[in-house]
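Single-structure report; data block below.
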Amino acid sequence: MSWLRVTDPSAAARLVADSLVIHADPHARATNPYHWYRTQPLTERLARLAGDEDAAPFAPAARRLLAAPERPEHHRALVAALIPMIEKFPERMRPLTDLAWQTTQRGRIGHHLGAAVGPDAPPAPSAPATAPVPERTGVPGPAAQLVVPFRDGGGGGERLRNLLACLAALRDQDEVPGGYTVTVVEADREPRRRELIAPLADEYLFAPHPGAFNKAWVVNAGVANSAVRAETVCVFDADLLPDRGFVARSLARFREPGVGAFLPYRDMLYLDEGSSVRAVRTRGPGGEPALDPAALRGFWMRRPVGGCVWLTREVFDRIGGMDERYENWGGEDVDLVLRLQSATALYAYDDFMVHLHHPVRPLRPEEARQNDEIPYMTWKPAGPIGRLDRYLVE
């Protein structure tokens, strides 16, 4: 018997149910299409095995979960049906539980169902793509610059909703000695969302570029063209929703000896659509200082490297910022982290961080590798980085 097995019946039952949800829920695929596709051969086998009516008395519960993976009552019903079977017939259930464990070990996506998420909650209505302007905590200052790259992808307005919620939460922060500055850089054909963004940001910059989104260039533009030269820089994606203590807690970490850069999280929770709307309302103006994980449903991305990175301005300048050769999505965050690990001590903390839902076009693995021809750790800019006219003069 391998010691790399889950022997607790409750834990094993949850692993099986979680793996089926990850297999069937489109929100799981949207969390990270590349890693979702990698585990599909295993989760497909698991779905066939769990849903076999002749071999498994719990098969009806498994099929109900596969048909409606977003329903928390289906997940809990399958777990309840599996536990006594695993307790009474551990060897008979071994193929199922071992396959669920193998799926979990190979994959990097996990399912999160908060204990307070109920079955009878009405579907959350769409949140409006506008936001009141909450009072700013303190005044902008040079202790930190948070750079938020943005492009409105259209669709149902979720990306804009997420950005406005993110900016409102960044205005609602604990006192930060020295102050902090939030810079939003909108990259698009025209500054289409300036009127909504500017009142919530300390700085608004427009980077003209109608082509494929270039996050690295947009971040560099935010740092290089800011009116504030801050001591620290935070690259902060527009779909993250920070708690009230986020900025002060993060800055305090730079006072630890040797910290030149860090990721504030280890795993990140990608909320489903309903939980995203509830999170925006909970953390919105006049709301709670932080989100309660028990009230949320979503999918964990284990050990992601993008989303939020803190570093000193000295380190940012020394490594030449982000690699502007990466266009569209894929590779730029990994490259940044690799170069930070080479340049300074890169720490990781364990903050609870959430990513708000927005529709994405799932990428096949071959599409996700479109920037693979760019070797990591080879960025040596020949001139100034973050030029706002980069795509106007090419």
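The values are calculated or read from the model by the stated rules, or taken from the named source; none is laboratory data. Predicted model only: the values in this text are computed from it and were never measured. Quick reminder, even Gly has a Cβ in these numbers, built from the backbone with ideal geometry, and neighbours come from all protein chains shown.
Brief remarks follow.
- Any hit, the stretch 53-65, residues being at pLDDT 95 or above and either among the polar types (S, T, N, Q) or closer than 12 Å to A100 by Cα (or both): no
- Extreme residue, modelled with the highest pLDDT, among residues of the stretch 353-394 that are crowded, with 17+ Cβ neighbours inside 10 Å and charged (D, E, K, R): R387
- From the list A216, A227, A212, A221, the lone residue that is in a helix (DSSP H, G or I) and either within 21 Å of the chain's Cα centre (by Cα) or surrounded by fewer than 23 Cβ atoms within 10 Å (Cβ to Cβ) (or both) is A216.
- The number of residues in the stretch 279-318 being surrounded by fewer than 20 Cβ atoms within 10 Å (Cβ to Cβ) and assigned to a helix (DSSP H, G or I) comes to 10.
- One residue alone among G287, G330, G306 is modelled with pLDDT under 95, touching a Lys or Arg at 6+ places or on another chain (Cβ under 8 Å) and within 26 Å of Q173 (Cα to Cα), and that residue is G287.
- Cβ separations smaller than 9 Å between residues 6+ apart or across chains give the following pairs from the stretch 184-206 residues that are farther than 18 Å from P132 by Cα to residues that are buried (at least 17 other Cβ atoms within 10 Å of the Cβ) and among the basic types (K, R): E186/R151; E186/R193; A187/R151; A187/K215; D188/R151.
- Test for A187: is it assigned by TED's automatic domain parsing to the domain that holds V247, buried (at least 23 other Cβ atoms within 10 Å of the Cβ), touching a Lys or Arg at 6+ places or on another chain (Cβ under 7 Å) and within 23 Å of T312 (Cα to Cα): no
- Against the conditions (1) in contact with a helix residue (DSSP H, G or I) (Cβ under 6 Å, 6 or more places away or on another chain); (2) β-branched (V, I, T); (3) more than 26 Å from V176 (Cβ to Cβ), V334 satisfies every one except (1).
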